[in-house]
Each structure stands twice: as structure tokens, then as C-alpha cells.
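Engineer: Okay, here's the structure, questions in a sec.
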Amino acid sequence: MALHILKSDDGETIERTELSIFEGGQVWGRSLSGAASEEVTMSVVNFGPGARAGWHRHTADQLLYVVSGIGKVGDREGEHVVSAGDCAVVPAGEDHWHGAHDTGSPMAHLTVMKAGSETTVLDS
């Protein structure tokens, strides 16, 4: 596979609010890796104020790097406020949620995972 450059005007930002994993407001996503990598996926996810991904888990580690705004990341032990420049590392199989939630701010993060990782949406 050859070097692939995704320019800022490549790809499409798609509203994802209707997906069952999201709740509380509008969510948009854009793949930054597309089909260019067979090993890793990376996307930017934009959460409107109040929006978040509900409880879920993945079959691979997930890296969440906050690029703008204020958000929260929660696990079964509690929740943590995150802001631009913060990075959360969520181990495979860990129940968690993340997004703008109740901060009053929109939030955007990069999400990086191993390609082929599966997501299970949980009730709570």
C-alpha cells in the first residue's frame, strides 16, 4: 500500500445522530482513514452540546483525542472532564461512553481503533 494523503476538503462529514449509539443531540462524523489503511481506522466525531455516545464497548482499544471543546468520558468507575489536547485510552472490552454530555459545550475528538473492531451498544 502506498502513502495516502487525505486533504482537508476530501471526504464527507455525515450526520450520525440517527445511529442507536448516540443520544442527547446532534453528532457528525468524518472518516480520516477511509480505505487507505487495512490496520487502523481514524475518524473525527463532532458532538453538539448535550450529545454523547451512550454506553458501549469495543473489541479493540480505542484512543480518543479531543481536538476542540469540552467533553466527558465515563466508565463504570466514574466520569472525567476532557478538553482540547487531552487523550483517553479505553482498553478493549471496557464499558464506557463519551461526548459533550452536560458540559454546555460542543466537543470534537479523533477516534483511533484497530480496523475490524466491533462495537456493542449497551443499555446502561
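Engineer: Every residue in region 46-63 that is crowded, with 21+ Cβ neighbours inside 10 Å and either of a type outside the set (D, E, K, R) or not in a strand (DSSP E or B) (or both), please.
Structural biologist: Passing the criteria: Asn46, Phe47, Ala51, Ala53, Gln62.
Engineer: I would also like to ask the following. Report yes if Gly25 is of a type in the set (Gly, Ala, Ser), surrounded by fewer than 18 Cβ atoms within 10 Å (Cβ to Cβ), in contact (Cβ under 8 Å) with a residue 12 or more places away in the chain and over 25 Å from Gly11 (Cβ atoms), otherwise no.
Structural biologist: Working: of a type in the set (Gly, Ala, Ser): yes; surrounded by fewer than 18 Cβ atoms within 10 Å (Cβ to Cβ): yes; in contact (Cβ under 8 Å) with a residue 12 or more places away in the chain: yes; over 25 Å from Gly11 (Cβ atoms): no.
It is false that Gly25 is of a type in the set (Gly, Ala, Ser), surrounded by fewer than 18 Cβ atoms within 10 Å (Cβ to Cβ), in contact (Cβ under 8 Å) with a residue 12 or more places away in the chain and over 25 Å from Gly11 (Cβ atoms).
Engineer: Here is a further query. Val67 is checked against (1) at pLDDT 95 or above; (2) surrounded by fewer than 16 Cβ atoms within 10 Å (Cβ to Cβ); (3) in a loop (DSSP other than H, G, I, E, B) and fails just one. What number does that condition carry?
Structural biologist: With (1) at pLDDT 95 or above; (2) surrounded by fewer than 16 Cβ atoms within 10 Å (Cβ to Cβ); (3) in a loop (DSSP other than H, G, I, E, B) applied to Val67, the lone miss is (3).
Engineer: Do you know which residues across region 72-114 are surrounded by 19 or more Cβ atoms within 10 Å (Cβ to Cβ), at positive phi and not in a strand (DSSP E or B)?
Structural biologist: Listed by number, the list holds a single entry, His101.
Quick grid of which residues meet (1) farther than 24 Å from Glu18 by Cα; (2) touching a Leu at 6+ places or on another chain (Cβ under 9 Å):
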site: Tyr65; (1), (2): no, yes
site: Asp86; (1), (2): yes, yes
site: His101; (1), (2): no, no
site: Met113; (1), (2): no, yes
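The values are calculated or read from the model by the stated rules, or taken from the named source; none is laboratory data. Bear in mind that the values here come from a model prediction, so they are computed numbers and not experimental data. Please note: Cβ atoms are built from the backbone with ideal geometry, for glycine as well, and neighbour counts cover all protein chains shown.
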